[in-house]
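The values are calculated or read from the model by the stated rules, or taken from the named source; none is laboratory data. Predicted model, so just to flag it, every value in this text is computed and none were measured. Because the Cβ atoms are built from the backbone with ideal geometry, glycine has one as well, and the counts that use them run over all protein chains shown.
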Amino acid sequence: MGKLRVVHYINQFFANIGGEEKADFPAELRVGEVVGPGLAFKASFKDEAEIIATIVCGDSYFNENLETAKAQILEMVKAQNPDVFIAGPAFNAGRYGVACGTVADMVSSELGIPAITGMYEENPGADMFKNKVLTIATKNSAAGMRDAVAKMAPLALKLAKNEKIGASCEEGYMPNGVRVNFFEKERGSKRAVKMLLSKLSGKPFTTEYPMPSFDRVDPNPAVKDMAHARVALVTSGGIVPKGNPDHIESSSASHYGEYDISGVFDLTSDTYETAHGGYDPCYANQDADRVLPVDVLRDLEKEGKIGKLHEKFYTTTGNGTSVASSKAFAAEFSAKLKADGVDAVILTST
Amino acid sequence: MKGLIITNNPIVSEKFGNEYRVEYVDQSFEDLLARVRDFVHKGYVILTHPLSGSIKPKETPYKSVLLSEVPLLTGVEGESLKLIENSIIKAKAFEDKTNNLSESVLNDFRLIDLSLLESAL
Amino acid sequence: MVKEVERAGIPVVHICTVTPISLTVGANRIVPAIAIPHPLGNPAMTAQEEKAIRRQIVEKALDALQTEVSGQTIF
Amino acid sequence: MRLEMGHIHIKDIRFSEESKIVDGVLFVCEDEIRKIVLEDEKIKSVTFDIAKPGESTRITPVKDVIEPRVKVEGRGGIFPGVIAKVDTVGSGKTYALKGMAVVTAGRIVGFQEGIIDMSGPGADYTPFSKLINFVMVCEPEEGIEPHHYEQAVRLAGFRVAVRLGELAKELTPDETKVYETCGIKEGIEKYPDLPRVAYVHMLQSQGLLHDTYVYGVDAKKSLTTMMSPTEIMDGAIVSGNCVSACDKNTTYHHLNNPVIHDLFEEHGKTLNFVCHILTNENVYLADKMRSSDWTAKLCRMLDLDGVIVSQEGFGNPDTDLIMNCKKIEAEGVKTVIITDEYAGRDGKSQSLADADVAADAVVTGGNANQLIRLPKLDKVIGTLDYVTKIAGSSADAIMDDGSYEVELQVITGATNEMGFNCLSAR
C-alpha cells in the first residue's frame with residue numbers, strides 16, 4: 001500500500017509566521033505542505049509516511065475561540081482522513097502544549113484516528129493530557145527538536161500501523177498510568193542493588209513504580225462576607241432525586257448529577273434517595289439531609305447567616321470511582337460553579 | 001465471644017459458630033467484602049487481612065474475615081477503612097472464575113479459606 | 001474531588017468521617033462528620049436533636065470557610 | 001561464615017539402571033528414585049519424565065522446583081531440619097548440579113497452579129524453561145487430606161533432590177565461587193567506609209499451601225530473625241507455597257536467591273553485606289505490626305544504612321511490604337523494595353493493595369494480569385484438565401486451535417518478586 005498519511009498540527013511560531021504578536025492567526029489548512037518541524041518528520045519518515053497536510057493555528061486564536069477552533073480543526077482533519085495525527089512538539093510553550101493536547105485528544109476520541117504529541121514534562125498541557133494522549137517527553141526548548149522528532153516519528157508510525165506499543169521508558173512517552181510489561185537487560189535484583197547504591201550516595205535514581213502520589217493544592221483565601229456569600233453543596237454520597245433519573249451507578253460512576261433545589265427546603269424519603277453502593281443506604285434514604293444538609297442551610301439562609309444557597313447541587317458516588325474520573329467531574333462542575341458566581345462550597349462525603 | 005467472623009464459607013460458620021459470633025452471608029466474594037465494610041462503618045476493627053491468601057479474589061468464591069468483638073466507641077477506625085476500601089478496589093481487578101467449579105474444587109477452596117482464618121485464631 | 005474545587009479558586013470545606021481518607025485526598029479545610037452512612041445525622045436521636053447536631057456541623061463548616069488556613073486543617 | 005560453592009554443569013539427563021554422573025551427564029535409575037518417593041505411603045504412585053529446553057513440552061501443574069545440592073565439607077547437610085538433621089549450615093564446601101532441576105508436579109488441591117513451557121512464548125516468562133527438568137508427577141493415596149498430601153509431595157521432592165545431589169560428592173566442580181561474610185564488629189573494622197547493607201526477605205506464611213519453612217520451622221510461627229547469607233545456599237529455607245505460580249518463591253529461587261547473589265557481588269567493593277533478615281507475612285494484622293516493628297528494630301540495632309526488601313505473593317503481603325518499608329525508612333535506613341503488580345488485564349488498575357510515599361524506590365517484576373497466548377504443545381507432563389481452572393485463566397481460555405489465552409500469573413516464576421527475572425513494567 002502507499003505511504004502512510006500524516007496530518008501535522010503546529011502553531012504560528014513554528015510556522016514562522018511570528019511570535020506572540022501573531023498568536024491570533026486563525027486555524028488554516030495547508031494541503032500538501034510540510035512546514036517547520038514537519039521537515040524533520042519528513043526526513044525521519046523517509047518513504048514510509050508523508051505529511052499530506054499541515055494545520056497552522058495561533059495559540060491565542062485557539063484558546064480564545066476554543067469551540068470554533070476545535071470544530072474547524074476537527075473538520076480539516078476529518079477531510080484529510082490521515083492514518084495518524086501529530087501535534088507539536090510544544091516543548092515548554094504552555095498554551096501551545098495545551099492546544100496540542102486538546103486537538104490530539106479530540107482527533108483520537110472523536111475521529112478514532114491515532115494521535116500523539118510531545119512536550120516538556122513541566123508544560124501544563126502534560127499533566128492535563130498525558131493520561132489521554134501518548135505524549136513524548138521532550139527537552140524544554142526547541143533545541144531538543146531532533147531528539148523529540150527521533151522519538152515522535154517512530155511512535156507515530158507504530159500507531160499508524162496499529163503495532164503493539166511498548167512501555168513508556170521504551171518508547172519515550174510520559175508514563176500514563178497504564179502499566180506495560182517489557183524485558184530489562186539486567187535482572188530485578190541487580191537493578192535493586194544499583195538503585196540502593198544510588199539512593200545511599202544521594203545520586204538520582206528512577207523508581208520503576210511511582211507510588212500513587214497525592215498532589216497538594218494550596219488553600220483559597222477565607223470567605224470575607226459570609227452573610228452575602230453564595231454557598232453551593234456538592235456530595236460524593238450519591239444523593240439524587242427519587243428514582244435516580246440519570247441512573248448514576250452505585251459504584252465506579254461514569255458521570256455526575258446536577259440537580260436544582262430552588263424551592264426545596266427539606267429532603268424527604270419520598271423526594272430524595274442515595275444511589276451510593278458503598279454504605280448501608282437505609283439512613284440516607286430515610287432522610288437525605290443526613291448526607292446533604294439542605295434543611296439547615298435553608299434555615300441559615302433565612303436567618304441571613306449566608307447570602308444564598310446555590311440552586312444547583314452536584315452529586316456522584318465516590319465509591320470505587322477512579323481518581324481520574326472524579327477529578328474530571330469535579331473540574332467540570334467547579335468551572336460551572338465559578339461561572340455561576342459561587343463564593344464557597346460545602347462538600348460532604350460518606 | 002472472642003471476635004466477629006464475617007464469612008461466606010459454610011465450614012467456617014459450622015466450625016466456629018459457638019466459639020465466635022459468626023455473620024454468615026451466602027453472597028459473592030465482593031459482596032462479602034462490602035458486608036465487612038458495613039461493619040467497619042459501624043466502628044468494628046478488622047483483625048485479619050481481607051485479601052489473605054494468594055488464591056486470587058473471585059478465583060476462590062470464599063472469604064472469611066475476623067473483626068473485633070465490639071465496635072470502637074469513637075467511630076470508624078481509619079486503618080481498617082483504608083484496608084477494606086483498598087481490598088475492594090484490588091478485588092475488582094480480577095475476573096470472576098467461580099462459576100461451574102466442581103464440588104471437590106469448592107471443598108478444597110473452603111478448606112484453604114478455613115486454614116487461612118485458623119492461622120490467625 | 002475537593003482538590004479540583006479548590007483548584008478552580010473556590011474555597012471548599014470537606015465534611016467527611018474518616019479524616020485520614022480526606023487527608024490523603026488532599027482537602028485543606030476538614031470538618032469531621034458523625035458516621036459514614038449518615039455523616040450529618042444520627043438516627044438514634046430524635047428529629048430535633050439530629051437537626052441541632054447537623055446545624056452544629058454546618059456552622060463549623062461555615063467557620064472553616066471563613067478561617068485562613070495554610071495547609072490541611074481539621075476543625 | 002565462609003562457603004565454597006562448587007558448580008557442576010549437567011549437560012543431559014538420561015534414565016539408566018544405575019544413578020551416576022559422568023562427564024556432566026546425570027544418569028537416573030528410575031526404580032531407585034521411585035522407592036525414595038514411595039517411602040511415604042501417602043503417595044500412591046509416581047511417574048518420571050525429562051523435559052529439555054526447546055522441546056514442545058508443557059509441565060503442569062507444577063508444585064515446586066528444586067536444585068540438587070550436596071554438602072561436601074562443613075557442618076550439617078542440605079535442607080537442615082527438613083531432610084538433614086538440624087545443624088547450622090552455610091560454611092565449608094557445597095556442590096550444586098547446575099543447569100537442571102527436580103520439578104514436583106501433579107494435583108495437590110482442586111485447582112492447580114503453574115505451567116512451565118519448554119518452548120514457545122510461555123518459555124520466555126519462566127526461568128525453568130532454560131533448565132533440563134527431571135519431573136516427578138505424583139498421585140495421592142485415596143482419602144488423604146490435602147494438608148498431609150501437600151507435605152508428602154514436598155518432602156518427596158527434597159529427598160529426590162538430595163539423592164541426586166549426593167551423586168556429585170566425589171566429583172570436582174567445573175567452577176567454584178567463594179562467599180564470605182564476617183561478624184558485626186569485624187565487618188565495621190574491615191569496611192569502615194562502605195555502606196552497611198542487609199537483605200530483608202519476606203516469607204509467605206499464611207496457611208495451607210502458603211507456607212515457608214526455615215530450618216523446618218513454619219515461618220508464621222517466628223518473629224523476625226536473621227542469619228548469615230550463606231545459610232540459604234544449603235537449603236535453610238524451603239518452599240511449602242504452591243499458590244500463585246507467578247510470584248511464589250520455589251525452593252530453587254531460595255537456593256539461588258538473586259538478591260543475595262547480587263549483594264555478594266558488591267560485598268567488600270561498594271557495600272558491606274551485613275546479614276540476611278527473615279520476616280513473615282501473616283494473615284493476622286497484629287502479627288504484621290509485630291513483625292514489621294521487629295524488622296525495623298533489627299535494622300536500627302545493626303546500624304544499617306540501607307536494605308533491599310523483597311515480598312512473596314499477592315494482596316495481603318502488600319500491607320506487610322509497605323509497613324516494613326515505612327518503618328525501616330523511619331529508622332533512617334534507606335530502602336529499595338521489590339514487588340510485582342496486579343494492574344488488571346488493561347494495566348490500568350492500582351498495582352498494589354497499599355501505598356506510601358516512603359516507598360520511593362521500587363523495582364517491579366511486571367504485571368501478572370498481562371494476557372498471553374500459549375500455543376498447543378505436543379507433549380504434556382502432568383495433567384491438563386485443570387489448566388483452564390488455573391489462576392488467571394477463564395473457561396473461554398481454550399481457543400479453537402487448542403491454544404490458551406491466560407494471564408502471566410499461571411506461569412511458574414513469571415513475575416518473581418526477588419528480582420530473579422528481567423521482566424519489568426513501566
Next item on the list: State which residue pairs qualify: first residue facing chain D (nearest Cβ under 7 Å) and surrounded by fewer than 18 Cβ atoms within 10 Å (Cβ to Cβ) and inside the range A:182-200, second residue at pLDDT below 95 and not in a helix (DSSP H, G or I) in any location, beta carbons under 8 Å apart, and separation of 6 or more residues or different chains.
Entry: A:Phe182/A:Gly166; A:Phe182/A:Ala167; A:Phe182/D:Arg426
Notebook entry, point to check: Mind checking which residues of the range D:295-310 are touching a helix residue (DSSP H, G or I) at 6+ places or on another chain (Cβ under 6 Å) and more than 10 Å from chain A (Cβ to nearest Cβ)?
Noted result: D:Thr295, D:Ala296, D:Cys299
Check: Any residue at all in the range D:232-250 that is closer than 25 Å to D:Asp305 by Cα and either basic (Lys, Arg) or within 14 Å of another protein chain (Cβ to nearest Cβ) (or both)?
Finding: yes
Item checked: Selection count, the range B:89-108, where residues are within 7 Å of another protein chain (Cβ to nearest Cβ), crowded, with 18+ Cβ neighbours inside 10 Å, of a type outside the set (D, E, K, R) and part of a helix (DSSP H, G or I) -> 1
Next item on the list: Restrict the check to the range D:100-109 and report whether at least one residue is under 24 Å from the mean Cα position of the chain (by Cα) and surrounded by fewer than 18 Cβ atoms within 10 Å (Cβ to Cβ).
Entry: no
Next item on the list: Could you tell me whether the range D:167-176 includes any residue that is surrounded by 19 or more Cβ atoms within 10 Å (Cβ to Cβ), farther than 20 Å from D:Val102 by Cα, at pLDDT 95 or above and touching a His at 6+ places or on another chain (Cβ under 9 Å)?
Entry: no
Check: Which one of A:Gly36, A:Gly19 is modelled with pLDDT under 95 and surrounded by fewer than 18 Cβ atoms within 10 Å (Cβ to Cβ)?
Finding: A:Gly19
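Does D:Val162 qualify as being surrounded by 22 or more Cβ atoms within 10 Å (Cβ to Cβ), in contact (Cβ under 8 Å) with a residue 24 or more places away in the chain, farther than 22 Å from B:Ala120 by Cβ and within 22 Å of the chain's Cα centre (by Cα)? Before you say what the answer is, go through the steps one by one.
Details: surrounded by 22 or more Cβ atoms within 10 Å (Cβ to Cβ): yes; in contact (Cβ under 8 Å) with a residue 24 or more places away in the chain: yes; farther than 22 Å from B:Ala120 by Cβ: yes; within 22 Å of the chain's Cα centre (by Cα): yes.
Yes.
Among the residues of the range B:62-121, which ones are among the aliphatic types (A, V, I, L, M) and touching a residue at least 60 places away in the same chain (Cβ under 8 Å)?
Within the range B:62-121, the first condition is being among the aliphatic types (A, V, I, L, M), and the residues that meet it are B:65-67, B:70, B:72-73, B:76, B:81, B:83-84, B:88-89, B:91, B:93, B:101, B:105-106, B:111-112, B:114, B:116-117, B:120-121.
Of everything in the range B:62-121, those that are among the aliphatic types (A, V, I, L, M) and touching a residue at least 60 places away in the same chain (Cβ under 8 Å) turn out to be B:Val65, B:Leu66, B:Leu67, B:Ala91, B:Leu111, B:Leu114, B:Leu116, B:Leu117, B:Ala120, B:Leu121.
With the requirement that a residue be in a helix (DSSP H, G or I), farther than 27 Å from D:Asn257 by Cβ and touching an Asp or Glu at 6+ places or on another chain (Cβ under 8 Å), what does the range D:127-148 give you? Reasoning before the result, please.
Here is the first cut: in the range D:127-148, the ones in a helix (DSSP H, G or I) are D:127-130, D:146-148.
Then drop every residue that is not farther than 27 Å from D:Asn257 by Cβ, which leaves D:146-148.
Within the range D:127-148, D:Pro146 is the sole residue that qualifies.
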Margin query: Consider the range D:326-356. How many of its residues are away from chain B (no Cβ under 14 Å) and either modelled with pLDDT under 90 or not in a loop (DSSP other than H, G, I, E, B) (or both)?
Written below: 9
Check: Among the residues of the range A:338-350, which ones are facing chain C (nearest Cβ under 7 Å) and not charged (D, E, K, R)?
Finding: A:Val342, A:Ala344, A:Val345, A:Ile346, A:Leu347, A:Thr348, A:Ser349, A:Thr350
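Give, as residue ranges, the strands (runs of 3 or more DSSP E) completely inside the range A:112-202 that count at least 2 residues that are farther than 23 Å from A:Asn11 by Cα.
Numbers: elements: A:115-119, A:134-137, A:181-183.
Fully inside the range A:112-202 and qualifying: A:181-183.
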Margin query: I'm checking my understanding of the structure. Among residues of the range A:259-291 that are within 13 Å of another protein chain (Cβ to nearest Cβ) and under 29 Å from the mean Cα position of the chain (by Cα), which one is surrounded by the fewest Cβ atoms within 10 Å (Cβ to Cβ)?
Written below: A:Gly277
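Please give the strands (runs of 3 or more DSSP E) falling wholly within the range A:1-60 in which 2 or more residues are touching a Gly at 6+ places or on another chain (Cβ under 9 Å) and in the same structural domain as A:Ser141 (by TED's automatic domain parsing). Step through it out loud before you land on a result.
Values: elements: A:4-10, A:28-31, A:49-56.
Hits in the range A:1-60: A:4-10, A:49-56.
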Note to self: All but one of (1) under 25 Å from C:Glu4 (Cβ atoms); (2) crowded, with 16+ Cβ neighbours inside 10 Å hold for A:Lys308; state the number of the condition that does not hold.
What the structure shows: (2)
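For the range D:372-380, state whether one or more residues are modelled with pLDDT under 85 and not hydrophobic (A, V, I, L, M, F, W, C).
Filtering the range D:372-380 for residues modelled with pLDDT under 85 gives none.
Within the range D:372-380 (the criterion being modelled with pLDDT under 85 and not hydrophobic (A, V, I, L, M, F, W, C)), the answer is no, since none of the residues qualifies.
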Check: Across the range A:224-258, what is the total count of residues that are more than 13 Å from every other protein chain (Cβ to nearest Cβ), over 24 Å from the mean Cα position of the chain (by Cα) and buried (at least 18 other Cβ atoms within 10 Å of the Cβ)?
Finding: 2
Note to self: Please go through (1) at pLDDT below 95; (2) more than 7 Å from chain C (Cβ to nearest Cβ); (3) more than 23 Å from B:Asn86 (Cβ to Cβ) for A:Ala335 and return the number of the only condition it doesn't satisfy.
What the structure shows: (2)
Notebook entry, point to check: Is there any pair with a first residue in the range C:50-72 that is more than 7 Å from chain A (Cβ to nearest Cβ) and farther than 21 Å from C:Lys3 by Cβ and a second that is of a type outside the set (D, E, K, R) and part of a helix (DSSP H, G or I) whose Cβ atoms are under 8 Å apart and which are 6 or more apart or on different chains, and what are they?
Noted result: C:Glu59/A:Leu300
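Which of the following residues is buried (at least 23 other Cβ atoms within 10 Å of the Cβ) and within 30 Å of B:Leu67 (Cβ to Cβ): D:Thr279, D:Thr251? Walk me through how you get there before you give the answer.
Numbers: D:Thr251 fails: within 30 Å of B:Leu67 (Cβ to Cβ).
Within the list D:Thr279, D:Thr251, the selection yields D:Thr279.
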Next item on the list: Report yes if A:Asn123 is among the polar types (S, T, N, Q), surrounded by fewer than 17 Cβ atoms within 10 Å (Cβ to Cβ) and within 29 Å of A:Gly166 (Cα to Cα), otherwise no.
Entry: no
Notebook entry, point to check: Within the range A:208-223, how many residues turn out to be touching a helix residue (DSSP H, G or I) at 6+ places or on another chain (Cβ under 8 Å) and within 7 Å of chain D (Cβ to nearest Cβ)?
Noted result: 2
Checklist line | Positions within the range D:357-368 being at the interface with another protein chain (Cβ under 7 Å from one of its Cβ atoms) and either under 21 Å from the mean Cα position of the chain (by Cα) or within 19 Å of B:Ile88 (Cβ to Cβ) (or both), in sequence order | finding: D:Val362, D:Val363, D:Thr364, D:Gly365, D:Gly366, D:Asn367
Note to self: Among (1) more than 9 Å from every other protein chain (Cβ to nearest Cβ); (2) farther than 21 Å from B:Leu83 by Cα; (3) without any contact (Cβ under 8 Å) to a residue 60 or more places away in the chain, there is one condition D:Asp378 misses while meeting the rest; what is its number?
What the structure shows: (3)
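Quick check on B:Asp26: is it in a loop (DSSP other than H, G, I, E, B), without any contact (Cβ under 8 Å) to a residue 24 or more places away in the chain and of a type outside the set (Gly, Ala, Ser)?
On the way: in a loop (DSSP other than H, G, I, E, B): yes; without any contact (Cβ under 8 Å) to a residue 24 or more places away in the chain: yes; of a type outside the set (Gly, Ala, Ser): yes.
In short, yes.
Could you tell me how many of the residues in the range A:200-223 are of a type in the set (Lys, Arg) and modelled with pLDDT of 95 or more? Break it down into steps so the answer makes sense when it comes.
Kept after step one, since they are of a type in the set (Lys, Arg), are these residues of the range A:200-223: A:203, A:216.
Then drop every residue that is not modelled with pLDDT of 95 or more, which leaves A:203.
The qualifying residues number 1.
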Check: When you go through (1) within 14 Å of chain B (Cβ to nearest Cβ); (2) closer than 27 Å to D:Lys93 by Cβ one by one for D:Gly143, which number turns out not to apply?
Finding: (2)
